[in-house]
Each structure stands twice: as C-alpha cells, then as structure tokens.
Ligand code: ADP
C-alpha cells in the first residue's frame, strides 16, 4: 500500500500517520522529519534546507526529489510507504509516480485531512505559543499556510481526477479521526 497524507499544516496528519503506521506496519516517511534531522546534524542536505524551512518556504523540488529517490528506493519501502509531508508540489507528485512506476507500484490512496480554516488558525496560534520547532513561530506558520494553498492544494484536484482522493473529516478527538482513517483505509 502506498498512501499519501495530504492536508495543511496543523491538520494532524503527522499524528494520524504515526498511528496508521503502527497499526499497519507500513513504513511512514515524513520529509519534514528527515529534513529537520538533517538540519540538526548539519549535513549538506540539512544546511541547504534549513533556511527555507525556518521561513516557512518549501525546500526546492530538486532537493526533495533526490531525497525521495533514496527513500522510495530503500528496501524498507518495498511493502509500501505512508507519505507524510510529500508530495507538496505537482512536480513532486509526478516524481513520486515515476519512482513508484519504476518499481511497478502506484499511489493507492490519498487521504485528504479536512479542517475548517478558522480551526486551523486556532491550532496554529496554539502551536506558535509553545517552544519546539524553529519554524513554529507565527510568521513561518502563516507563511506555510499560504504556501500550502498556492503550491500544495492543486494536488487535491490532481488526485481527485484520478479517483483516489479520500476526504477525512479531521475535526474531533485523535481516536475519532483515527477510526475514520481506519475505516477508509480498510486497515
Ligand atoms: P507542516 O506539515 O506542519 O508544515 P512538515 O514537517 O511537513 O510540517 O514540514 C516542515 C517544513 O519542511 C516545510 O515548511 C518545508 O520547508 C519543509 N518540507 C517538508 N517536506 C517538504 C517537501 N515535500 N517539499 C518541500 N519542502 C518540504
């Protein structure tokens, strides 16, 4: 199973992705986590990515596509991948298709985490108040929402046209949402 988790920052896809991965034993990959890890270690990839991340901007597609080639080609991904935080642009989505097709695989489902805009803003404000990630300040969070709308939201139509978009109502308790995901994925 190759599943994409799609939705704006603050929609809870990271939390639900972890739960889904634990239940299905499918590898979850988060490009955000990989990039933060690389930035923390100061690797060339991390140094390249950090300034974009801190500003709430997307890391350039060529950098991400190189990373995806590595991740999707790894033996750990042979049974499938839960993709959290990618693809985030049409170019990345096309790269995912290409990389999976090279292995005779395809994207099976795209879970779209639906959260009303005012709820997202509330969550983002709450997150900005807590210590944690360098990019969880208000400016970067606002910027990430703008970037989502401009660069990532077009993927909703991209996958809807293909008939694999599965909307998830992502308001409620973590358990309630996990149950909706479980039902939709059939896992
Ligand atoms: P969130 O979903 O809350 O925005 P992520 O951990 O998914 O958090 O991403 C954090 C940051 O990492 C993004 O703002 C961006 O700079 C970078 N990033 C993560 N994944 C990608 C990607 N697929 N393409 C480009 N940039 C990415």
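Read the figures in this text as sums done on the coordinates, not as results from a lab. Please read these numbers as outputs of a predicted model, since none were measured by experiment. As a convention, Cβ positions derive from the backbone with ideal geometry for all residues, glycine included, and neighbour counts pool all protein chains shown.
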>> From the mean inverse distance of alpha carbon pairs (Kirkwood) and the Cα radius of gyration, derive Rg over Rh for region 1-78.
In response: 0.97
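Contour minus end-to-end for residue 171 and residue 78, with contour as 0.36 nm per residue of separation and end-to-end as the Cα-Cα distance?
Values: separation 93, 0.36 × 93 = 33.48 nm, distance 3.23 nm.
Result: 30.2 nm gained on full extension.
Rounded to whole Å and sorted largest first, what semi-axes of the equivalent ellipsoid does the C-alpha gyration tensor of region 13-148 yield via the square root of 5 times each eigenvalue?
Working: eigenvalues 128, 69, 41 Å².
Over the Cα atoms of region 13-148, the semi-axes work out to 25, 19, 14 Å.
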> When the chain is fully extended, how far beyond the present Cα-Cα distance does residue 137 get from residue 27, taking 0.36 nm per residue of separation?
Replying inline: 36.6 nm
>> I want to verify a result. In a Gaussian network model of the chain, Cα cutoff 10 Å, which of these has the top mean-square fluctuation: 146, 96, 81?
In response: 146
>> What does the C-alpha gyration tensor say about the overall shape of region 111-187? Classify as rounded when a/c is under 1.5, otherwise prolate if a/b is larger than b/c, or oblate.
In response: oblate
> How far apart, in nm, are the 7 Å Cα→Cβ label points at residue 117 and residue 37?
Replying inline: 3.6
> residue 51 versus residue 160, label points 7 Å from Cα toward the beta carbon: distance in nm?
Replying inline: 3.7
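Per-residue counts of other Cβ atoms within 10 Å, averaged by peptide: what ranking do you get for 152-158, 21-27, 165-171, highest first? The partial results should precede the final answer.
On the way: 152-158: 16.1, 21-27: 14.6, 165-171: 18.1.
Result, highest mean Cβ count within 10 Å first: 165-171, 152-158, 21-27.
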